[in-house]
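Down below is the structure, laid out as structure tokens.
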Amino acid sequence: MLHPSGGIEAHPTTAESTGSVFHVHKVSKVYRVGEVEVHALREVTLDLYQGEFAVLLGASGSGKSTLLNILGGLDRPTSGEVLYRDHELTRADDAQLTLFRREHVGFVFQFYNLIPSLTALENVALVTEIAAHPLDPTEALKLVGLGHRRDHFPSQMSGGEQQRVAIARAVAKRPDVLLCDEPTGALDYATGKLVLEVLQLVNRELGTITAVITHNAAIAGMADRVIRISSGAIVEVHRNEVKLQPSEFSW
Amino acid sequence: MKPIGKILWRDLWHLRGQLTAAALVVACGVMAQVCMHSAYISLKATQEKYYDRYRFAAVFASLKRAPESLAGVIGALPGVAQVRTRVIVDATLDIPGLAEPASGRLVSIPERQVPMINDIYLRRGRYIEASQPDGVLISEVFAQANKLDVGDKLGAILNGRRRELTVVGIALSPEYIYEVGPGMLFPDNRRFGVLWMGRESLATAFNMQGAFNDVSLTLTPHSFNKGAEEVEVIAGLDRLLSAYGGLGAYDRKDQLSNRFLSDELAEIRVSATYIPAIFLTVAVFLIYIVLSRLVVMQRTQIGLLKAFGYSSASVALHYLKFSLVTVLSGLLPGLLLGLYLGQLVTNLYQEYFHFPLLELVVSPEVILGAALVNLTGACAGATAAAKRVAAITPAEAMRPEAPTNFRAGVFERSCVAVWLPTSARMILRNLARKPWKALLTVLGIGIAVGLMMVTRFMLDAVDHMMTVQFDLVQRDDVTILFHEPRAASAIFGIRQLPGVSRAEPFRAVPVRLRHEHRSKQIALTGLANDSELHQIIDSQLRVTKVPAEGLMLTRKLGEILGVTTGDNLTLEVLEGSRQIRQVAVAGLSDELIGIGAYMDAGALAQLLGEDNLISGARLRVDPAYAETLFSRLKRIPAVSGVAIRSAMLGSVKQIIDRAFLQVSLVEMLFAAVIVGGMVYNSVRISLSERGNELASLRVLGFTQREIMVMLMGEQALLTLLAIPVGMVMGYGMSAALVPIFDREMFRIPLVFGVKSFTYPVIATLVAAMLSALLVARRLRHLDLIAVLKTRE
């Protein structure tokens, strides 16, 4: 169904997606860069559902990162409305957004952004210390297959390992949503796959809504839904009937 | 402008906060250096010129009475150039509008103005005239303090007779640049002044016609060995005067006014060196850490410039320019403010040291010196940082830096670490990663804490010195001195005076103490066994008694003579029949002001072979009757001097409030600039190094406050650590000052009041917090979105 604004509204059909957790309604974002106005998002409407694995696919500059930032409470739309359950993120102030990120959102960055002065375990513990019902940091590391690397510092780990620590750190607080910005962007092929497997595992085991943004179309195969973004608008929403394992696709 | 020049200006703008902090420290150092050096050379030059132009004597001596004919004999001593004989007496003055009696030193001058040794500078009015025997010149400060002017009259008791003197002129003399009464430490210009009176009228009043009781000499300028010659002249003079009640000749260094001035000069010289040195060291360190960080951040740019063909030297020069700009921008305001402050200090000096004209000398050497020292220092700091530039090769510089290596330190392996929250571990590891930087920061802030402590210590020490002296040693409300020793029965009359609840007589006699080649002239005081109003204390501040036999010396006098308890020394009485005896040192006392020697009153009488004469009395006075007592004392002919405790303490307090407090406030402020500069730069650099890390944490849901703690925690820990370190340094610096102030006039004890600790702590914490807050504002503007995409 083509939306009048050009966006596409998608509804869940599978049994495990029980309800809308994020509701994005006619969200636009305009940046001013000097004299020029950049329309990063144009009246985007989107819902994210409980437990789903969504891939937001788009070229660089398509607006997918802006959307992810707005979902994660890092940025505010110029117009439109974003609801997280019953919280209206668009009306929240900085302190409320911080609290929202703290309680509900897990972030995975392209460059991992681990704290260099902390060990793998401590990087995870840093977040669990401020969370209400966290996983045990050791369990979180085991989940990403790095139980044995708990006392290593970031400088002693490979990129893939660092990213898996970052995932452990993101999921350890049991977030409602895991937002990943090009999580394999800085990794080589084999390591990238390993990281994707971990993301899939976390999604399956913990039921966390996982939104991965990427320009790598191959990754789309592992998603429940693929949301394709171009020039600030959702141009296509595709539902995979069969989710692939990362080992089953290649790029 | 060349492109590399543009980079310089843009980076300078970018780093303006941190470089300003360093420039401020430079400015403070330059300010201190220029101010103190200028004050020093101004004071020194003025002193020399004044001494020279007004023929300040080289050797001085007082005696009982000698015929004028002796002057010729003195003049014939080898090495003596000129001789001036005088009549000098102390007298009680009655100043209109002043309840208490004042003391005046009356110095004879020729009836007709001629150039002479210890000449006077006439500020206002006219010189005295033979036709007006009651005309006097009075010292300028005394006139100012008592609002006296030409034409005013004042009462004086001259040899038991009250006279009305008329002020005909206001004058100054190189002999009384620092004008204090006998035995006083701080000037009290209301109650002590110098008066110059015609020789004839003064001599007539004191039956000194054709005689003198004071002589001063200048020495021949062509002597090869001045020191030795001076000693010869002093010895010769002593020989000549011994038959005339000579009290011992002395040179300039024992002349009271000159001594105070020289001590002050020595003191500023010390401060003018070590205070700017501290600031310079801190500034160099700040410039070094700012530039080191800049070089790290601009690795890529450095590589690029080198790849384009810029030489290592020209790129290093580029970084050197940062420090030059920083120093130059601190230098100019520092110089200007230093000169301004120098002017203020010079004005302040003018209140205590009285010259015809004291002007700030703006010396090019001082200015160039300050500029040169600071530029050199800054270049040293910058060179150390720029050295790294040379080590960077273009190819290597293009690659991102490897993640910083961290290890768990020794402390962390200990069991305590288990209980530490993760954020605390971050703080500890960041410190452990750069132990040198942490150490230098602690030392830098510490030295500021130390500086503040020294400043407070000086105030506390003076306070303590006064408390000890006036609560434990000199406990009388009023001390009166007689012209001549009087019979012990005189005390009964004193006890009858209004308001006197206790009166203790004392005997003081001029003596010369000798031990081996050392000797010292001093007033030997006889103390009664039951003396309450003047006590002797030991180093534990316990009151001790004068032993029945032998001498008790103040510890400082013992040092000067090189004697201690049990030693024998030669005592030469400089009065009456001038006995010479061997006396044992029976004990040492620990007064902090002046030097002195004590003996049991009975033993002294026996030594002098006299029948209990008294030189004066110490009184305890009921304040309600003070005014009545004072007006009576003004008219008692036998009294030559009156010292009043409350007036003395009042004038001391005024001096401390005016001079000491102002100076210490400025010094505190300067030290706070160091703390501020250190903390600000440290935090800015941490923010620059860890900005990405902190922004990531904000994304992960940490609040502003939480990341602020993580950023500032490191600095807070260093600052807190610096406080005890600084206190140790402050203690050390204070202890180093104690020997500098270990003088005959006074000694400062190594004691600290509570404020010596609380003030530096509070000032340090406030300065640290304010500068940290300046950086904290920046945390609000962390770019959370950029951090998702950037790689450190």
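The values are calculated or read from the model by the stated rules, or taken from the named source; none is laboratory data. This structure is a prediction, so every number in the text was calculated from the model and none was measured. As a convention, Cβ positions derive from the backbone with ideal geometry for all residues, glycine included, and neighbour counts pool all protein chains shown. These area figures cover heavy atoms from the full protein model, side chains too; ligands, DNA and RNA do not enter into them. Shrake-Rupley method; radii C 1.70, N 1.55, O 1.52, S 1.80 Å.
I'm checking my understanding of the structure. Among residues of the stretch B:589-627 that are charged (D, E, K, R) and buried (at least 22 other Cβ atoms within 10 Å of the Cβ), which one is modelled with the highest pLDDT? Even if it seems obvious, please write down each step before you answer.
Filtering the stretch B:589-627 down to residues charged (D, E, K, R) leaves B:590-591, B:600, B:610-611, B:618, B:620, B:622, B:627.
In the following step, the residues that additionally are buried (at least 22 other Cβ atoms within 10 Å of the Cβ) were identified as B:591, B:600, B:618.
Working: B:Glu591: 88, B:Asp600: 92, B:Arg618: 95.
Step by step, filter the stretch B:589-627, then rank; the result is B:Arg618.
Does B:Leu718 satisfy the condition of being open to solvent by less than 40 Å² (accessible area, probe 1.4 Å), touching a Phe, Trp or Tyr at 6+ places or on another chain (Cβ under 8 Å), away from every other protein chain (no Cβ under 14 Å) and at negative phi?
On the way: open to solvent by less than 40 Å² (accessible area, probe 1.4 Å): yes; touching a Phe, Trp or Tyr at 6+ places or on another chain (Cβ under 8 Å): no; away from every other protein chain (no Cβ under 14 Å): yes; at negative phi: yes.
The answer is no for B:Leu718.
Return yes when A:Leu118 is away from every other protein chain (no Cβ under 11 Å), touching a residue at least 12 places away in the same chain (Cβ under 8 Å) and in contact with a helix residue (DSSP H, G or I) (Cβ under 8 Å, 6 or more places away or on another chain) and no when it is not.
no
What single numbered condition from (1) surrounded by fewer than 23 Cβ atoms within 10 Å (Cβ to Cβ); (2) closer than 20 Å to A:Asn203 by Cα; (3) β-branched (Val, Ile, Thr); (4) at pLDDT 90 or above fails to hold for A:Thr14?
Here A:Thr14 clears every test but (4).
Against the definition (closer than 14 Å to B:Met452 by Cβ, away from every other protein chain (no Cβ under 14 Å), in contact (Cβ under 8 Å) with a residue 40 or more places away in the chain and more than 24 Å from the chain's Cα centre (by Cα)), how does B:Ile723 come out, yes or no?
Working: closer than 14 Å to B:Met452 by Cβ: yes; away from every other protein chain (no Cβ under 14 Å): yes; in contact (Cβ under 8 Å) with a residue 40 or more places away in the chain: yes; more than 24 Å from the chain's Cα centre (by Cα): yes.
When the stated conditions are applied, B:Ile723 passes them.
Could you check, for the stretch A:41-48, whether at least one of its residues is within 22 Å of A:Leu99 (Cβ to Cβ) and either out of contact with any Pro (no Cβ under 9 Å at 6 or more places or on another chain) or not basic (Lys, Arg) (or both)? Step through it out loud before you land on a result.
Of the residues in the stretch A:41-48, the ones within 22 Å of A:Leu99 (Cβ to Cβ) are A:48.
If we keep only those that are either out of contact with any Pro (no Cβ under 9 Å at 6 or more places or on another chain) or not basic (Lys, Arg) (or both) too, we end up with A:48.
Checking the stretch A:41-48: at least one residue is within 22 Å of A:Leu99 (Cβ to Cβ) and either out of contact with any Pro (no Cβ under 9 Å at 6 or more places or on another chain) or not basic (Lys, Arg) (or both).
Just for the stretch B:224-278: of the residues that are among the aromatic types (Phe, Trp, Tyr) and either modelled with pLDDT of 85 or more or assigned to a loop (DSSP other than H, G, I, E, B) (or both), which one is farthest from the chain's Cα centre (by Cα)? Quick ask: steps written out before the conclusion?
Of all residues in the stretch B:224-278, those among the aromatic types (Phe, Trp, Tyr) come to B:224, B:244, B:250, B:260, B:274.
Add one more test, that the residue is either modelled with pLDDT of 85 or more or assigned to a loop (DSSP other than H, G, I, E, B) (or both), and what stays is B:224, B:244, B:250, B:260.
Numbers: B:Phe224: 35, B:Tyr244: 39, B:Tyr250: 25, B:Phe260: 10 Å.
For the stretch B:224-278, the residue satisfying everything is B:Tyr244.
A:Leu126 - would you say it is away from chain B (no Cβ under 11 Å) and assigned to a helix (DSSP H, G or I)?
Values: away from chain B (no Cβ under 11 Å): no; assigned to a helix (DSSP H, G or I): yes.
When the stated conditions are applied, A:Leu126 does not pass them.
With respect to A:Tyr189, is the statement that it is in contact (Cβ under 8 Å) with a residue 40 or more places away in the chain and open to solvent by 30 Å² or more (accessible area, probe 1.4 Å) true? Walk me through it before giving the result.
Working: in contact (Cβ under 8 Å) with a residue 40 or more places away in the chain: yes; open to solvent by 30 Å² or more (accessible area, probe 1.4 Å): yes.
Yes, satisfied.
Kindly indicate whether any position in the stretch B:752-762 is surrounded by fewer than 17 Cβ atoms within 10 Å (Cβ to Cβ), touching an Asp or Glu at 6+ places or on another chain (Cβ under 8 Å) and either away from chain A (no Cβ under 14 Å) or under 30 Å from A:Thr98 (Cα atoms) (or both).
yes
Quick check on A:Gly34: is it at positive phi, in contact (Cβ under 8 Å) with a residue 60 or more places away in the chain and more than 14 Å from chain B (Cβ to nearest Cβ)?
Working: at positive phi: yes; in contact (Cβ under 8 Å) with a residue 60 or more places away in the chain: no; more than 14 Å from chain B (Cβ to nearest Cβ): yes.
No.
Return the total of residues in the stretch A:217-251 being open to solvent by 10 Å² or more (accessible area, probe 1.4 Å) and either among the basic types (Lys, Arg) or without any contact (Cβ under 8 Å) to a residue 12 or more places away in the chain (or both).
5
Among what's in the stretch B:765-784 and is open to solvent by less than 50 Å² (accessible area, probe 1.4 Å) and in a helix (DSSP H, G or I), pick the residue that is nearest to the other protein chains (Cβ to nearest Cβ). Give the steps one after another, and end with the answer.
Here is the first cut: in the stretch B:765-784, the ones open to solvent by less than 50 Å² (accessible area, probe 1.4 Å) are B:767-768, B:771-772, B:775-776, B:779, B:782, B:784.
Restricting the remaining residues to those that are in a helix (DSSP H, G or I) gives B:767-768, B:771-772, B:775-776, B:779, B:784.
Numbers: B:Ala767: 27, B:Ala768: 23, B:Ser771: 24, B:Ala772: 20, B:Val775: 19, B:Ala776: 15, B:Leu779: 12, B:Leu784: 5 Å.
For the stretch B:765-784, the residue satisfying everything is B:Leu784.
Given the criteria at pLDDT 90 or above, open to solvent by 10 Å² or more (accessible area, probe 1.4 Å) and either more than 17 Å from the chain's Cα centre (by Cα) or facing chain B (nearest Cβ under 7 Å) (or both), does A:Pro134 qualify?
Here the answer is yes, as A:Pro134 does meet what is asked.
Give the stretch B:628-644 a look and list any residue that's buried (at least 17 other Cβ atoms within 10 Å of the Cβ), of a type outside the set (Gly, Ala, Ser) and in contact with a strand residue (DSSP E or B) (Cβ under 7 Å, 6 or more places away or on another chain), or say none.
B:Leu629, B:Leu633, B:Lys634, B:Val639, B:Val642, B:Ile644 - these are the residues of the stretch B:628-644 that are buried (at least 17 other Cβ atoms within 10 Å of the Cβ), of a type outside the set (Gly, Ala, Ser) and in contact with a strand residue (DSSP E or B) (Cβ under 7 Å, 6 or more places away or on another chain).
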